[in-house]
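Working notes for the structure below.
The values are calculated or read from the model by the stated rules, or taken from the named source; none is laboratory data. Just so you know, these numbers come straight off a predicted model, no measurement behind them. Every residue, glycine among them, receives a Cβ derived from its backbone with ideal geometry; neighbour counts consider all protein chains shown.
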């Protein structure tokens, strides 16, 4: 279900020169607020604007020549699609990305600009996911899951590898959670290298499929509602739930107003443009929602793709 630490290290070598090694910045104001050192892993500064490039590139690199020749299909709230489109262009692979009609235009337009076909006819993320799976089956193409698969998770795990290389004493990792691809990939390395570390997952209260499922002890569906954290929206599947049970020590949800405040705070204090899903982990610390904090703390700012109008409405 999870890749091995060796898989994550191999992914890091494979991705060298393709992805950015994003900054790990100490946040003095957040450190003062919580009473221990806090560091921000700035994946919003990654090429394509999010960590998703890591897993998507590693997943496409693992395909056979035959699979590459047949093309790939992906479902995405936007950032995974950008990662797949970027990797597909680099490898000369045809790509078709299914996104919900509500996906931010900066993500839809970015996918198209990278040369992938975009299908935005689905009303929400889950419908886009089902449409993508069906299209891949019907056309003999490879479906690149946004949250599962050992190659994809190994690529996402390189976020943890970079953090640990720079901050080997890290004791708490605070990570946004959608379908569990990022936190699962990171946990595959953290559990092996830093077994005493705590892994905290964070969602919006309106994208709380993982939180509700963990609380219930079984996978449950949640309402699909408008949210600032569009990158975390949608249900989780059985594999995602299984990953969450292994990877997450503490699960936290934040309010939409708290997400907006975190976006403003990151802009004002650190000159960082974070989308809603990228700011949820910061929001959890800003509002004192993570119990029994022990530092050093690494907080993942997972993405920065937000439409200009929404950004101005929140930050100005």
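I'd like to know if the range 36-49 contains one or more residues that are assigned to a loop (DSSP other than H, G, I, E, B), more than 22 Å from residue 231 (Cβ to Cβ) and not assigned by TED's automatic domain parsing to the domain that holds residue 164. Looking for residues that are assigned to a loop (DSSP other than H, G, I, E, B), more than 22 Å from residue 231 (Cβ to Cβ) and not assigned by TED's automatic domain parsing to the domain that holds residue 164, one finds none in the range 36-49, hence no.
Taking each residue of the range 76-100 that is surrounded by fewer than 24 Cβ atoms within 10 Å (Cβ to Cβ) and looking for partners that are part of a helix (DSSP H, G or I) with beta-carbon atoms closer than 6 Å, six or more apart or interchain, yields 91/60; 93/68. Of 139, 130, all but one fail to be surrounded by fewer than 17 Cβ atoms within 10 Å (Cβ to Cβ) and over 21 Å from the mean Cα position of the chain (by Cα); the exception is 139. Of all residues in the range 234-257, exactly one satisfies the criterion of being buried (at least 17 other Cβ atoms within 10 Å of the Cβ), touching a strand residue (DSSP E or B) at 6+ places or on another chain (Cβ under 8 Å) and either part of a loop (DSSP other than H, G, I, E, B) or assigned by TED's automatic domain parsing to the domain that holds residue 103 (or both), namely 248.
Mind checking which residues of the range 250-273 are over 26 Å from residue 23 (Cβ atoms) and out of contact with any helix residue (DSSP H, G or I) (no Cβ under 7 Å at 6 or more places or on another chain)?
Start the filter on the range 250-273 by keeping residues that are over 26 Å from residue 23 (Cβ atoms), which leaves 251, 253, 255-257.
Within the range 250-273, 255, 256, 257 qualify.
Does residue 109 count as without any contact (Cβ under 8 Å) to a residue 12 or more places away in the chain and closer than 28 Å to residue 226 by Cα? Yes.
Looking for whichever is touching a helix residue (DSSP H, G or I) at 6+ places or on another chain (Cβ under 9 Å), assigned to a loop (DSSP other than H, G, I, E, B) and buried (at least 24 other Cβ atoms within 10 Å of the Cβ) here; the options are 146, 168. Which one fits? Steps first, please.
Details: 168 fails: buried (at least 24 other Cβ atoms within 10 Å of the Cβ).
Just one listed residue meets the conditions, 146.
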